[in-house]
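S.K.: My structure is below; once you've seen it, I'll send some questions.
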Amino acid sequence: MQLFPHGHATHPDWRMAAGLVLAQLRAHMALPDYASAPTLGLLYITDHYGAVAQDILDHLSGELPEVTDWSGTVGIGICANNVEYFDEPALSVMLCDLPADQYRVFSGVAPLGLGFEAHTALVHADANTPDLTELVAEMAARTDTGYLFGGLASSRSRSVQFAVGGNGNIKGHGAARGVFSGGLSGVAFGPGVSLVSRVTQGCQPITANRVVTASDANLVLELDGQPALAVLLADLGVDLEHPQEALGRVRATLVGLTRATVGDAPVRTAHFGSDVVVRHIIGLDPTRKGVAIGDHVEVGTRLAFCQRNMAAAKADLVRVCAEIREELEPEELSMELATALAAPEAESAPHPARRIAGAIYVSCTGRGGNHFGGPSAELQIVRRALGDVPLVGFFAAGEIARQNLYGYTGVLTVFTDVTP
């Protein structure tokens, strides 16, 4: 299995950054362990480069003619191996060597054709797209596994996505030439592309799970038969007679939702699983004694109040990385391989025995290194667990995993057992 060439750089001049990235990509493609002729490029840029997105794509496409397909988006921050770039001009690229009949680039104006059997898909989306939740669920239903991974573009200016297929242009894009805004885009993968993906949560429950027994759209009216507002205030130990204190506590509180399933029991756990989606509390309704949240809630949904927690987020990220590593590493290792895989950070070069050709990490803009103790700390945790594997990604305005839109999570996906 060959590793995916990758590169990343920051510079005020995008041409300089692109030159540095191209030098890294070409250096990798000259090495025996790396793919020499990959055809799919994943491109992520920070919003500092949003206005020149087309120039960047045109330049990279011209310099790498063998790369016929491109996908990616913009983020307030982007990811690379062992480093994150926040609030600075930067780009990150990974070139994937996959069988041509095992992937398809798609977008809202060039949707996935019926002739391709999608097993799973990397999805980028514009947060301002109407009915986004339904579109994501519909896209998931079009895959064999029902599993998507990716996130919503994040930008303080123009929100862009990249989608180029085959001949340098997807039919229907017209003058867009592969850079556009709105809707969904990404890459659908066939059953011949082996992936392992995990979701890591960034919040910790502070109350027991309760069942929503009355609701009206996004307004939760009752929890376990009690007025929802009264339950919230009691759980937080505040009351509306001291509004400043109460509102301060409420603003720091979120809700974790688990959709109703037969046999579910309202039990309290120390952390959230991937079946939980976190949403903001967006208002209180003293008249109806309800709590408004950033999602529609059906009766029967389980709800737990929660808060962002640095220790819990770090522990959960370590856990999912360990799960991926243990699933991929061979059960029996020679002494040489065991020594190579156990090398300290400075020596943990990419190694075929890790069975990881490349990785994509999509994290929430509300996470990032500072939420983990310092700049790039989140990506350093991933590197310590997986080794120095090729990695790209971005910090999203919402994360996508399975058919769900998440918040305050990280979605780590690795390509494994890829045979060109």
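S.K.: Hull surface divided by four, with the convex hull built on the Cα atoms of segment 179-252: how many nm²?
M.R.: Projected over every direction and averaged, the Cα hull of segment 179-252 covers 9.8 nm².
S.K.: Ordering His28, His124 from largest to smallest accessible area (1.4 angstrom probe), what's the sequence?
M.R.: His28, His124
S.K.: How big is the gap, in Å, between the Cα center of segment 275-303 and the Cα center of segment 58-76?
M.R.: Centre-to-centre distance over Cα atoms comes out at 41 Å.
S.K.: A further question on this structure: With charges set only on the Cβ (+1 for Lys and Arg, -1 for Asp and Glu), what does the dipole of the chain come to about its Cα centre, in debye to the nearest 20?
M.R.: Result for the chain is approximately 560 debye, rounded to the nearest 20.
S.K.: Treat every Asp and Glu Cβ in segment 1-107 as -1 and every Lys and Arg Cβ as +1, leave all other atoms uncharged, and give the resulting dipole magnitude about the Cα centre to the nearest 20 debye.
M.R.: Dipole size: approximately 120 debye.
S.K.: How many angstrom separate the Cα center of segment 104-134 from the Cα center of segment 138-167?
M.R.: The distance from the Cα centre of segment 104-134 to that of segment 138-167 comes to 6 Å.
S.K.: Go through Glu323, Glu298 and list them by solvent-accessible area, largest first, probe radius 1.4 Å.
M.R.: Largest accessible area first, the list is Glu298, Glu323.
S.K.: Principal axis lengths of segment 110-233 from Cα atoms, whole Å, largest first?
M.R.: Over segment 110-233, Cα extents along the principal axes are 60, 36, 25 Å.
S.K.: I would also like to ask the following. Which order, highest average first, do 395-407, 285-297, 153-165 follow once you tally other Cβ atoms within 10 Å for each residue and take the mean per peptide?
M.R.: 395-407, 153-165, 285-297
S.K.: For segment 57-105, what is the relative contact order in percent, using Cα pairs closer than 8 Å and at least 6 residues apart in sequence?
M.R.: Dividing the mean separation by the residue count of segment 57-105 yields 28 percent.
S.K.: May I pose another question? Select from His280, His11, His242 the residue whose mean-square fluctuation is largest in a Gaussian network model of the chain (Cα-Cα springs shorter than 10 Å).
M.R.: Between His280, His11, His242, it is His242 that shows the largest mean-square fluctuation.
S.K.: Now, a different point. Dipole of segment 1-77 (Lys/Arg Cβ +1, Asp/Glu Cβ -1, origin at the Cα centre): which of Pro65, Pro12, Tyr34 lies farthest to the positive side?
M.R.: Farthest towards the positive end: Tyr34.
S.K.: Oh, and also: About the Cα centre of segment 39-89, how large is the charge dipole given +1 on each Lys and Arg Cβ and -1 on each Asp and Glu Cβ? Please answer in debye to the nearest 20.
M.R.: 100 debye
S.K.: For the chain, just give the cysteines left without a disulfide-compatible partner, judged by no other Cys Cβ under 4.7 Å.
M.R.: By the Cβ distance rule, which asks for a partner under 4.7 Å, the isolated cysteines are Cys79, Cys96, Cys321, Cys364.
S.K.: Which one, Leu328, Thr120, His48, is farthest towards the positive end of the dipole of the chain when Lys and Arg carry +1 and Asp and Glu -1 on their Cβ?
M.R.: His48
S.K.: Here's a follow-up. Just read off the accessible area of Ile206 with the full protein assembly in place, 1.4 Å probe, to the nearest 10 Å².
M.R.: 60 Å²
S.K.: When the chain is treated as a GNM, springs tying every alpha-carbon pair under 10 Å, which of Leu31, Leu57, Leu152 comes out with the largest mean-square fluctuation?
M.R.: Leu31
S.K.: Which one of Leu135, Gly75, Phe106 has its Cα pushed farthest toward the positive end of the charge dipole of segment 45-198, where Lys and Arg give +1 and Asp and Glu give -1 at the Cβ?
M.R.: It is Leu135, whose Cα lies furthest towards the positive end.
S.K.: Over the chain, what percent of the accessible surface lies on carbon and sulfur atoms, probe 1.4 Å?
M.R.: Its accessible area is 52 percent carbon and sulfur atoms.
S.K.: So how far, in whole Å, is the C-alpha centre of segment 205-219 from the one of segment 18-57?
M.R.: Here the answer is 46 Å between Cα centres.
S.K.: Could you do me a favour and compute the accessible area per residue for the chain, 1.4 Å probe, result in Å²?
M.R.: Ligands and nucleic acids excluded, the figure is 40 Å² per residue.
S.K.: Over the chain, one equal point on each Cα, no solvent: what is log10 I(q)/I(0) by the Debye formula at q = 0.06, 0.11 Å⁻¹?
M.R.: -0.25, -0.82
The values are calculated or read from the model by the stated rules, or taken from the named source; none is laboratory data. Keep in mind that this is a model prediction, so the values were computed, not measured. Here the Cβ is made from the backbone with ideal geometry for all residues, glycine too, and neighbour counts use every protein chain on show. With ligands, DNA and RNA removed, areas are computed over all heavy atoms of the protein, side chains included. Shrake-Rupley method; radii C 1.70, N 1.55, O 1.52, S 1.80 Å.
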